[in-house]
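A short write-up of the structure that comes next.
Coordinate-derived values only; no laboratory data. Since the model is a prediction, treat every value here as computed from it, not as a measurement. Positions of Cβ are backbone-derived with ideal geometry, glycine not excepted, and every protein chain shown enters the neighbour counts.
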Amino acid sequence: MAEKLIELKNISKQFPGVLANSNVNLTINKGEIHAIIGENGAGKTTLMNILYGLYEPTQGEIFIDGKKAVIKSPLDAIKQGIGMVHQHFMLLPSLSVAENVVLGSEPKKKKFFMDYDKAIEITKNLAQKYGFKVDPREKIEALSVGVQQRVEILKVLYRGADILILDEPTAVLTPQETDELFNVIRKLVSDMNKTVIIITHKLQEVLAISDRVSVMRQGKLIGTLPTQQADAKILTEMMVGKEVLFHDLHREKVSGEKVLEVKDIKAKDNRGLTVLNGVSFSLRAGEILGVAGVEGNGQSELVEVLTGLRNLEDGDYFINGKKITDVNPSNMRNLGISHVPEDRLTMGLSKEASLWENLLMGLQHKKPFVVKKIHLNKKKIFERTDNLIKEYDIRAIDRYMKVKKLSGGNMQKVVIAREFSFDSPILIIAQPTRGVDVGATEFIHNQIMRKRNEGAAILLVSAELDEIMRLSDRIITIYEGSITGEFKNKEVTKQTLGLYMTGKQNKLKGSEDN
Amino acid sequence: MREAMKKINLSYIISLALSIFVALIIGALIMLINGKSPFIGYSALFSGAFGSKYNLATTFAKTVPLVLTGLGTAISFRSGIFNIGGEGQLYLGAFAAAYIGITFTSLPFFIGIPLAIIFGALVGGLYAFLPGILKVKYKIDEVITTIMLNTVAVLFTSFLVNYPFATTQGKMNGTEIIAQSYHLRRLVKLSTLNTSIFFMSFIAIVIYYLMEKTSIGYDFKMVGQNRMFARYGGINDKKQMLIAMVISGALCGMAGVFEVLGVHYRFLQSISPGYAWDGMLASLMAKNNPVGVVLMAIFLGALKTGSVSMENATSIPSELVMVIQAIIVLFIAGEAGFKDKFVLLNIKRKSKKAGETNA
Ligand SMILES: Nc1ncnc2c1ncn2[C@@H]1O[C@H](COP(=O)(O)OP(=O)(O)OP(=O)(O)O)[C@@H](O)[C@H]1O
Ligand SMILES: [Mg+2]
């Protein structure tokens, strides 16, 4: 019989205007992997934040090992052995990995000074123990999101957590990294007696890793069931409240002009190392070109170069056949490029700003949103804001709500809504459905396809091969800053792509030759 | 109207009111310990600030430099560039105005006064441009450079008024009196309240409009909140920061101009008792909200004016008000504009506590 470790009893959380949790009863057993799923805004993060002491519940009690626990702050949570890795990271970008890991209980030298060497050693040992690949001396800002997440997890482990809450940890990971993470999680549970709560939108992950799964909908806990008794269909229905049908995307025949072309472009990463090593490709109107690659092989930098956010060191960049000499963000926007960035919070949004301010970005100097040169025309701005909120089903109290108060998936919808509303001829889209629920993913895919059918040229970068294969007309693979292959979508398998993405295409040729 | 209501950050207003209240309570305790009645003390303070036409006028006279420097701080802080050099810009602006007033003595008022204001603003703006350009071009921390430039400006003007521009009429550590046509009219007998309050009101409305209602204000705010997002959206973040810095310096410069044209009629070696610092406090308390800055400037102006009367009437030293101000600063330091700068410190401190309990 499973031993109860945590019991949440009758938890409710009222935010101004939103009942984020409503009478939630949830039991977590010792040593289990417990998945929590639900649509965007269902209240998953809120519930976990309550358990972690970040929010005080409006009502309800928490029991740990059968005893009533008072968790008023993360401090209390850590004392109870609870650690959390947040949906959006909370690392200090200018510090090194080791400093971030030990921050809070640093090894000391002469009582006052941090023992940096010791910190490095600790981090190295921790990483080794759990099988993570990280360089303790590297600065956080130089790391990919995937690696940053490992640092977050290490940090929690360093604090000695027995119960790990992971809020959408796989949203930012590549499939390989996800597998690695799952191995770590399994090891933590089986060898080290940890308990793991994991939030995710990906049902196959729930089925693959969890022992039990709880489903939330509109603040309520709909039910908890053993994973063996669950399948994708049952879970989806529980989440959405009705059966969800997936339609095939409608792909029209469009043959357009070449609108974007790059020849032999090169770029450096934040550390000054070459990450794009002579990349060439072209993009036509009415086409989706998927870029498949393992994270960290230059695709993030490619997106930044194309949108003017990163210096183009060498090579030529053409839009509509014209060579672009001054590649900067405002220029690229004026030339008709919209950009959905891979990381919504560092680049795609201002979380302190309101919904309308976030949706306005890029149009603040354009008529009719500004009149008499500088006067913001609030009437027009609000009209557009409210239309977008409705059209993209952004769950918010009103247009004045600060974006930081939205749920993660709804933040993503804000970015998508803004960038898609410009009707740009070129869309550069990175990780469009990161942290987005099934229904909204379907919606976003449909929007991308609609844009394509209307004649937009779309570059799609995604860590999800399934997403790339579902949407793209053509796929290029990128490995260590170079394009290793180009394929028509229909004519390639996942396995082949996988080999090209990891630079092992020769193996394929070899075996074909034989 | 609905929009206005939505924008008001009620929880912050409550916490600010609470910190002011607690600070006043602590002030009362200090009075008690010293055997004074806080009741009498505070009523002397209140009537000293608002009790008569003269007192009211004095309070408002004090708010002129506070509002200008406060708005100067607000516009720079909101844009993510931290102008702590208001005091220096004020000194240079003041000297610039005095220079015009003693040099072009035959200009009629309707040319001379605007000239002095514009020149003072220009000098203040340029003096802020320097640390601004160092920041955006060479990433040199503007907090440090602006603080240092304060000292430079104060010492430089002090040199000017003691040597090349020293008055020949007695030992004043000031310049000559500016020509009569530059004097701004006094509004209430005996008090220094003068027509600069109208200029100030006009400027405040312009700045409010700029910050809250225009695309420029939007760009400022976005750059201040998330520079990456601003760049991504096509805003030239460096240019915006520089513009904000120059406007900030110009506002502080104008604060100095009005001290010369309206209050002292000359530049004095110590023309400001730290107006820019109080202005900054007003801005911090108001979280860089222009309307809030004006309200907080009035509040601080009243505290300053009232404390003098309180000292006269009850012999409670006027420095008590400094203590009260300091306590307010302490309370809001974690909340208001400086947050970002201190966030690292804070996290370190907090997680340190967590670590200790864990160990
Ligand atoms: N600080 C806050 N103030 C007001 N409302 C909030 C706040 N935090 C969350 N909410 C609201 O509570 C609801 C639940 O949000 P929560 O972040 O828990 O959703 P979630 O299930 O984690 O969604 P996602 O999958 O998109 O991350 C949402 O409607 C959200 O807008
Ligand atoms: Mg969430």
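If you model chain A as an ellipsoid using its alpha carbon gyration tensor, with each semi-axis the square root of five times an eigenvalue, the axes come out at 38, 28, 24 Å, biggest first.
Taking the alpha-carbon centroid of each part, what is the distance from the range A:332-386 to the range B:57-90 in angstrom? Each part reduced to its Cα centre gives a spacing of 30 Å. The aspartates and glutamates within cross-link reach of B:Lys135, meaning a Cα-to-Cα straight distance under 16 Å and a gap of 8 or more places when in the same chain, are B:Asp237.
Of the cross-linked pairs A:Lys79/A:Lys405; A:Lys30/A:Lys187; A:Lys351/A:Lys373; A:Lys258/A:Lys380; A:Lys372/B:Lys239, which ones have a Cα-Cα span greater than 23 Å in the structure shown? Exceeds cut-off: A:Lys79/A:Lys405; A:Lys351/A:Lys373; A:Lys258/A:Lys380. Exposure proxy shown here: for B:Leu295, B:Leu242, the number of other Cβ atoms within 10 Å sets the order, fewest to most, as B:Leu295, B:Leu242.
With neighbours defined as other Cβ atoms within 10 Å of a residue's Cβ, the residues A:Val70, A:Val414, A:Val213 order from fewest to most as A:Val70, A:Val414, A:Val213.
The residue list A:Ser94, B:Leu242, B:Tyr163 was ranked by how far each Cα lies along the charge dipole of the protein assembly as shown toward its positive end, using unit charges on Cβ atoms, and B:Tyr163 comes out on top.
In this label model, A:Lys67 and A:Ser282 are separated by 7.2 nm, measuring between points 7 Å along each Cα→Cβ vector. Under the shape rule built on the C-alpha gyration tensor, where the axes satisfy a ≥ b ≥ c, the range B:26-85 is oblate, since a/c reaches at least 1.5 while a/b does not exceed b/c.
In terms of surrounding Cβ atoms within a 10 Å radius of their Cβ, A:Phe382, A:Phe369 rank from fewest to most as A:Phe382, A:Phe369.
In a simple Cβ point-charge model (Lys, Arg +1; Asp, Glu -1; nothing else charged), the protein assembly as shown has a dipole of about 1920 debye relative to its Cα centre.
Three semi-axes describe the equivalent ellipsoid of the range A:345-444; taken as square roots of 5 times the Cα gyration tensor eigenvalues and ordered largest first, they are 23, 15, 12 Å.
Across the range A:145-251, the relative contact order, built from alpha-carbon pairs under 8 Å that are at least six residues apart, equals 19 percent. Secondary structure note: in the range A:4-240, about 60% of the DSSP beta bridges are antiparallel. For the range A:4-240, the extents of the C-alpha atoms along the principal axes are 53, 37, 34 Å, listed from largest to smallest. Working note: Karplus 6.51/-1.76/1.60 with θ = phi - 60° gives the range B:114-121 the couplings x, 4, 4, 5, 5, 5, x, 5 Hz, where Gly and Pro are set to x. Relative to the dominant Cα principal axis of chain A, helix A:145-158 is inclined by about 10°. At R0 = 30 Å, how high is the FRET efficiency between A:Asn331 and B:Leu134 if r is their beta carbon distance? Nearest 0.05 is fine. Working from the Cβ atoms, E equals 0.70. Seen against the Cα atoms of chain A and their longest principal axis, helix A:408-421 is set at about 10 degrees.
Quote the FRET efficiency, to the nearest 0.05, computed for A:Lys253 versus A:Gln495 with a Förster distance R0 of 35 Å and r equal to the Cβ-Cβ distance. Between A:Lys253 and A:Gln495 the formula returns 0.80.
Counted over the protein assembly as shown, the DSSP beta bridges are approximately 60% antiparallel.
Once R0 is set to 22 Å, what does the formula 1/(1 + (r/R0)^6) return for the Cβ-Cβ distance between A:Asn446 and A:Gln218, expressed as a FRET efficiency to the nearest 0.05? Calculated value: 0.40. In terms of distances greater than 19 angstrom between alpha carbons, the cross-link table entries A:Lys413/A:Lys451; A:Lys9/A:Lys233; A:Lys202/A:Lys233 yield A:Lys9/A:Lys233. The angle between the Cα long axis of helix A:378-391 and the longest principal axis of the Cα atoms of chain A comes to about 70 degrees, rounded to the nearest 10. Annotation note: trypsin sites (Lys or Arg not before Pro) in the range A:231-267 located in DSSP loop regions with a Cβ neighbour count of at most 16 within 10 Å are A:Lys242, A:Arg251, A:Lys253. The alpha carbons of chain B stretch over 72, 59, 45 Å along the principal axes, in descending order.
Extension gain, B:Val22-B:Lys239: 0.36 nm per intervening residue step, less the Cα-Cα distance, totals 74.0 nm. Please check: in the Gaussian network model of chain B (C-alpha springs, under 10 Å), which one of B:Lys304, B:Lys53, B:Lys287 has the largest mean-square fluctuation. Its mean-square fluctuation being the largest, the pick is B:Lys53.
Please tell me the relative contact order of the range A:263-343 in percent, rounded to the nearest whole number, where contacts are Cα pairs under 8 Å and at least six residues apart. This gives 30 percent for the range A:263-343. Contact order for chain B, expressed relative to its length and based on alpha carbon pairs under 8 Å spaced 6+ residues apart, stands at 32 percent. Under the simplified labelling scheme, the B:Ser158-A:Glu121 pair shows an inter-label distance of 5.3 nm, with each label point 7 Å from Cα along Cα→Cβ.
With a cut-off of at most 16 other beta carbons within 10 Å, and DSSP calling the residue loop, which GluC sites (Glu not before Pro) in the range A:410-479 qualify? Please list them. The qualifying sites are A:Glu454. Express in whole angstrom the spacing between the alpha-carbon centres of the range A:205-255 and the range B:209-281. Value for the Cα centre distance between the two parts: 53 Å. Under the shape rule built on the C-alpha gyration tensor, where the axes satisfy a ≥ b ≥ c, the protein assembly as shown is prolate, since a/c reaches at least 1.5 and a/b is greater than b/c. In this simple spin-label approximation, A:Asn10 and A:Ser190 carry label points 7 Å from Cα along the Cα→Cβ vector, and these lie 4.1 nm apart. Net charge in the neighbourhood of A:Met114 (other residues with Cβ under 9 Å of its Cβ; Lys, Arg +1, Asp, Glu -1) is 0.
Under 1.5 on a/c is rounded, so check that first for the range A:130-186, then, if it is not, pick prolate when a/b is larger than b/c and oblate when it is not; a ≥ b ≥ c are the square roots of the alpha carbon gyration tensor eigenvalues. Oblate.
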